[in-house]
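The values are calculated or read from the model by the stated rules, or taken from the named source; none is laboratory data. Keep in mind that what you see is a predicted model, and the values were worked out from it rather than measured. Neighbour counts run over all protein chains shown; Cβ positions are idealised from the backbone, glycine included. Side chains included, ligands, DNA and RNA excluded: accessible areas come from the protein's heavy atoms. Shrake-Rupley method; radii C 1.70, N 1.55, O 1.52, S 1.80 Å.
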Amino acid sequence: SNARYQDILSSIKVKPPKLDKFGLWDIFKLLSEFVLSTDVVASELYSLDQLQVEEFPAEYRQVVEAARNIRSLSTRTIIISALDPELITFNRVLELLCGSLQQKCSSCKEGISIAAVYYSEDDKKIPSLPFVTIGMVRKFCCVKKLCGEKVLAERRKEFRILHSLIRAMRAKFVGNICDFCFLVGTDAHRCSGCLTKIYCSQQCLESDWSKVHKKVCARSKEQERKRKEGRRGRTKVGKHQVDEWIDCHSKAFGNKSVMDQVVQKMEKL
């Protein structure tokens, strides 16, 4: 689990900073957390990319826009490219991650110079230096204890909103998972020949047809068990999964769950 992973990291003894001018251990932790999780974060957020920002309920637009602006994939490419020819310092890696080390605290708006990373709720303590959070919610924080508490509380709230939006989108459109790119779309194109394949776009349909599906379409038509539901059937399955996620979030977060509120606000989609 992530908690166990954090325990292992915190138990490892490393050289004092004065003996490690590059901050190799800090670089390793950042790369293992941020770089390796980037694909997962990007895939999660892709579910929300199916909608324009203005299509989301007004109170969620700022959270969605902020998450999209993190641009994890392009940032990962920049960091890896910088490390390819030579070793760079942890501060330089931090600068590439943040865009600039000079930021404003997300709580008090005081100007700060980022020097540390807050990884997850499993961290044992809040960093004693100005820090940045990683993941779907990017926040900057100064060293004030009150700001740290406010920033992390806001981060938790925004994460629950994003997580709920993503799960609501995926559950609502679960029958629209593309059989070519495996992502979720608000629209679906079912192969009219065999009815066994669903695509998120005409482009995916045509790409799969040219590469694979045209060779098996006729044969798939005879396999009735593989036929995908039409729009009405997919809507029914989606509603069932949405109800399951509401129940799941309620058990996990109690009265702090926002899943039911998110679903109610997105009913018009």
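Are there any GluC sites (Glu not before Pro) in the stretch 103-154 that are in a DSSP loop and have at most 16 other Cβ atoms within 10 Å? List them by number. Write out the running numbers ahead of the final one.
On the way: sites: 110, 121, 149, 154; in loops: 110, 121.
Passing sites in the stretch 103-154 are 110, 121.
Heavy-atom accessible area per residue, the stretch 117-214, 1.4 Å probe: how many Å²? Write down the numbers at each step before the final one.
On the way: 4570 Å² over 98 residues.
Counting only protein heavy atoms, the per-residue value for the stretch 117-214 is 47 Å².
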Amide proton proximity set for residue 196, modelled H, under 5 Å, gap of 5+: 191, 228
Accessible area (Å², 1.4 Å probe, nearest 10) - residue 214: 110 Å²
Chain lengthening between residue 121 and residue 145 when straightened (0.36 nm per residue, less Cα-Cα): 7.0 nm
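For residue 25 and residue 156, calculate 0.36 nm times their separation in residues minus their Cα-Cα distance, and state this gained length in nm to one decimal. Kindly include the intermediate steps, with their values, before the conclusion.
Working: separation 131, 0.36 × 131 = 47.16 nm, distance 2.67 nm.
Full extension of this stretch gives 44.5 nm more.
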Gap separating the Cα centres of the stretch 102-144 and the stretch 36-85, nearest whole Å: 19 Å
Of all accessible heavy-atom area on the stretch 136-177, the percent that carbon and sulfur account for (1.4 Å): 58 percent
